[in-house]
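Asks: Pasting a structure here, questions to come.
The values are calculated or read from the model by the stated rules, or taken from the named source; none is laboratory data. Because the structure is predicted, anything quoted here is derived from the model rather than measured. Every residue, glycine among them, receives a Cβ derived from its backbone with ideal geometry; neighbour counts consider all protein chains shown. These accessible areas exclude ligands, DNA and RNA; they are computed on the full protein's heavy atoms, side chains included. Shrake-Rupley method; radii C 1.70, N 1.55, O 1.52, S 1.80 Å.
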Amino acid sequence: MAPAQNPVLPFDDALKSCGLFPLTAEGVSILQVNLGRRCNQSCEHCHVDAGPGRREMMSDGVMEKVLSLLARENFSALDLTGGAPELHPRFRELVSRAVSMGRSVFDRCNLTVLFEPGMEDLPAFFVRHRVAVYASLPYYRREETDAVRGRGTFDKSVRALELLNAHGYGMEGTGLELHLVHNPAGAFFPAPQAALEAQFKVELEKKHRVFFNRLFTITNMPIARFDSFLQKSGNREAYLTRLAGAFNPAAAKGVMCRNMISVSWDGHLYDCDFNQMAGLKVNHGAPDRLDDWSRKLLERREIMTAIHCYGCTAGSGSSCGGETAP
Ligand code: SF4
Ligand code: SF4
């Protein structure tokens, strides 16, 4: 059978319509490192297809290359993701060494990992290294969160937030950053970020006495497990059409790939974690392996785009740091 034709306007045509083609980087300020696909959860919307059974983890050899890059190149932040990055056996070493080199570290934490065996010291470790915690929490209610992440996840996540608050995270005057990351429970766009942040703050404080600094919204990307969900539920075409229909040039201007580089567990370079999962390595003449790193070529590289990029440019935009349109 011939593959189904995609009726959605190619993403590059949308960029051309607003003079942004080709989309190019404007620097490499953030180094995002994906430590592997292992996770203690298997969420339905996971763009990484992560789970407890995944074995792909960064090897010692690749880890050394990351550390050597951090030592010789200046980045405003090291952004650690996975899977659950904390499950990598050298997670703490990577964080400590990066901090001793003067780098800020962000940890993309699913909260429940704090209760995995051997993770008891993590909150205190985060405090010692002033790690900024970006914690994913699908919603402020049990029902919606558990529907995406599995039964009992919400209660465990709230306990993790209590623990982090008890260590000073998200509390006024400590400077210990605890941000929440929300993505919708289905094939629809997130609500406006500022309004949702206010709602999360009121509800989580009122019902659970837990606190956080900022909330960032992320649009579900039509790749990996969420893409399979769209296909199975017959929603893929409608979702892509909606994303494409909401294309916003201001959001496209601010997409995160213009300012970062993403390293995979096996040492390849990508424009972002989503391209990593879609198997789209850096290209257009820029090196796609850590071994061949060249800031000169990477910081002005042309970005590899595909239909899933509409997920970053719809409405107010979406990125690991939330909305991108001013
Ligand atoms: S969404 Fe995050 S917490 Fe859930 S399976 Fe994927 S990596 Fe793990
Ligand atoms: S999916 Fe990646 S490459 Fe595409 S716009 Fe978003 S951040 Fe950039």
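Asks: With runs of 4+ DSSP H residues as the only contributors, calculate the mean residue ellipticity of the chain at 222 nm using -39,500 (n - 2.57) per run, divided by the residue total and rounded to the nearest 500. Write down the numbers at each step before the final one.
Replies: Numbers: 13 runs with 114 residues, N = 326.
Computed mean residue ellipticity for the chain: -10000 deg cm²/dmol.
Asks: Taking the Cα centroid of segment 28-43 and of segment 227-243, what is the distance between the two, rounded to the nearest whole Å?
Replies: Cα centres, segment 28-43 to segment 227-243: 25 Å.
Asks: Could you list which residues have their amide H under 5 Å from that of Asp79, counting only those 5 or more apart in sequence or on another chain, with H placed in the peptide plane?
Replies: Leu31, Gln32, Val33, Phe106
Asks: Suppose every Lys and Arg Cβ carries +1 and every Asp and Glu Cβ carries -1, with no other charges. What dipole size does the chain come out with about its Cα centre, to the nearest 20 debye?
Replies: Values: 37 positive and 37 negative charges, 30 e Å.
Magnitude of the dipole: close to 140 debye.
Asks: Could you provide, to the nearest whole Å², the per residue accessible area of the chain with probe 1.4 Å?
Replies: Counting only protein heavy atoms, the per-residue value for the chain is 42 Å².
Asks: What do you reckon, how do Arg236, Arg97, Arg209, Arg90 stack up by accessible area (1.4 Å probe), largest on top?
Replies: Largest accessible area first, the list is Arg209, Arg97, Arg236, Arg90.
Asks: What Kirkwood radius, in Å to one decimal, follows from the Cα pairs of segment 11-313?
Replies: On the way: mean 1/r = 0.0503 Å⁻¹.
About 19.9 Å for segment 11-313.
Asks: OK, next. I'd like the accessible area for Glu144: 1.4 Å probe, protein heavy atoms, all chains in place, Å² to the nearest 10.
Replies: Glu144 has an accessible surface of roughly 50 Å² with all protein chains in place.
Asks: Run the numbers on segment 11-313 and let me know its relative contact order in percent, using alpha-carbon pairs under 8 Å that are six or more apart.
Replies: Numbers: 572 pairs, mean separation 71.6, N = 303.
Relative contact order here is 24 percent.
Asks: Follow-up. Which value, in debye to the nearest 20, describes the size of the charge dipole of segment 172-223 about its Cα centre when Lys and Arg Cβ atoms bear +1, Asp and Glu Cβ atoms bear -1, and nothing else is charged? Write down the numbers at each step before the final one.
Replies: Numbers: 5 positive and 5 negative charges, 29 e Å.
That gives segment 172-223 a dipole magnitude of about 140 debye.
Asks: Follow-up. Between Thr153, Phe274, Asn74, whose Cα lies farthest towards the positive end of the dipole of the chain when Lys and Arg beta carbons carry +1 and Asp and Glu beta carbons carry -1, centred on the Cα centre?
Replies: Toward the positive end, the furthest listed residue is Thr153.
Asks: Another one. Gain in length, Asp291 to Arg151, computed as 0.36 nm per residue apart minus the alpha-carbon separation, to one decimal in nm?
Replies: Working: separation 140, 0.36 × 140 = 50.40 nm, distance 4.26 nm.
Extra length from Asp291 to Arg151 when fully extended: 46.1 nm.
Asks: To continue, here is another question. If you build a Gaussian network model of the chain, linking Cα atoms that sit under 10 Å apart, which residue out of Glu299, Glu26, Glu172 swings the most?
Replies: In the Gaussian network model the winner is Glu172.
Asks: Could you tell me which of the pairs Lys65/Lys296; Lys65/Lys281; Lys232/Lys281; Lys253/Lys281 are separated by over 25 angstrom between their Cα atoms in the structure shown?
Replies: Working: Lys65/Lys296 18 Å; Lys65/Lys281 18 Å; Lys232/Lys281 27 Å; Lys253/Lys281 21 Å.
From the list (Lys65/Lys296; Lys65/Lys281; Lys232/Lys281; Lys253/Lys281), the Cα-Cα distance tops 25 Å for Lys232/Lys281.
Asks: Something else about it: Among Asn248, Asn275, Asn283, which one moves the most in a GNM of the chain with springs linking Cα atoms closer than 10 Å?
Replies: Asn283
Asks: Moving on. Answer with one residue from Gly51, Met304, Val62: the one whose Cα lies farthest towards the positive end of the charge dipole of segment 11-313, charges on Cβ with Lys, Arg +1 and Asp, Glu -1.
Replies: Gly51
Asks: Just reorder Val99, Val105 by solvent-accessible area, largest first, 1.4 Å probe, all chains present. Kindly include the intermediate steps, with their values, before the conclusion.
Replies: Values: Val99 45, Val105 5 Å².
Heavy-atom accessible area, descending, gives Val99, Val105.
Asks: Pick from Pro222, Pro287, Pro117: which is most flexible by mean-square fluctuation in a GNM of the chain where alpha carbon atoms under 10 Å apart are linked?
Replies: Answer for the Gaussian network model of the chain: Pro117.
Asks: Sort 65-78, 179-192, 33-46 by packing, meaning the average of other beta carbons within 10 Å per residue, with the highest value first.
Replies: Values: 65-78: 15.9, 179-192: 18.5, 33-46: 21.4.
In descending order of packing, they fall as 33-46, 179-192, 65-78.
Asks: Kindly identify segment 68-149 as rounded, prolate or oblate by the Cα gyration tensor criterion: order the square roots of the eigenvalues as a ≥ b ≥ c, call it rounded if a/c is under 1.5, otherwise compare a/b with b/c, prolate if a/b is larger, else oblate. All intermediate terms of the calculation are to be shown ahead of the outcome.
Replies: Values: a/c = 2.47, a/b = 1.90, b/c = 1.30.
The shape class here is prolate.
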